[in-house]
1. Just tell me which aspartates and glutamates come within less than 17 Å, Cα to Cα, of Lys85; anything on the same chain fewer than 8 places away is out.
2. Take each complete run of DSSP H in the chain, measure how far its Cα atoms stretch along the helix's own axis, and keep only those covering 20 Å or more with mean Kyte-Doolittle hydropathy at least 0.5; list them.
3. Most fluctuating residue of Arg95, Arg77, Arg87 in a GNM of the chain with Cα springs under 10 Å: which is it?
4. Just the Cα atoms of region 95-169: what Rg and Dmax do they give in Å?
5. Provide the descending list of Cα extents for the chain along its principal axes, expressed in whole angstroms.
6. Would you list which aspartates and glutamates come within 18 Å of Lys19, measuring only between C-alpha atoms, while excluding same-chain residues fewer than 8 positions from it?
7. Give me, ordered by chain and number, the residues 5 or more places off Trp32 or on other chains with an amide H under 5 Å from its own placed amide H.
8. Excluding ligands, DNA and RNA, what is the solvent-accessible area per residue of region 1-67 at a probe of 1.4 Å, expressed in Å²?
Amino acid sequence: GLALRVTFGGIRTFVVVKKIAGRAQRITLGRWPGLRLAEARRAAVRINGEIAAGLDPVAQRKAARARAETCNDFWARYLAHIRRKNRAWMRDEQRWKANIAPMIGRKALSSITATDCQNVVDAVGASHPVKANRVAALLGAFFAFAAKHERVARNPARGVSRYQEAARERFL
């Protein structure tokens, strides 16, 4: 199952090609010449042994990557998404930098709880209750996007309590 993948640019990478749960998977081992053939063969034997034992190395790598990804890391991906759809993306970016990132930005995305989200909203709501509601909405949208991309199991910002807003009376 050991193969050498060569890109159009000439980059050579060792991969193991195996069927896992009925699907052909390519597991990247490393680049040549940093990874030599003998080392790649040993790594391929180890991965084939894991697959034979019933383990899924691809799922393990995805889980390890998801554990290590912080909120700030995933924010860049979310920002690229909302720039295409949301005209007020700059306001959301400012809310993230000023209110959310200092409190939960360095935490692992998968370790955020509903309490963390509520603490962010309450910290803003102490002085600006309407702004806290907008921050809660941004947190909800951000974690919904993360759940859609399977970075979190469920949206921790769902059910965050919000502040009362009084509608303005407008005159023409």
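The values are calculated or read from the model by the stated rules, or taken from the named source; none is laboratory data. Source: prediction; values computed, not measured. We work out accessible area using only protein heavy atoms, side chains counted, and drop any ligands, DNA or RNA first. Shrake-Rupley method; radii C 1.70, N 1.55, O 1.52, S 1.80 Å.
1. Qualifying aspartates and glutamates at Cα under 17 Å: Glu93.
2. 129-148
3. Fluctuation is largest for Arg87.
4. Spelled out, the Cα radius of gyration and Dmax of region 95-169 are 12.4, 43 Å.
5. Rounded to whole Å, the extents work out to 76, 36, 28 Å.
6. Within reach: Glu50, Asp56.
7. Residues meeting the criterion, in which the H sits 1.01 Å from N, are Arg12, Thr13, Phe14.
8. Per residue, region 1-67 has an accessible area of 70 Å².
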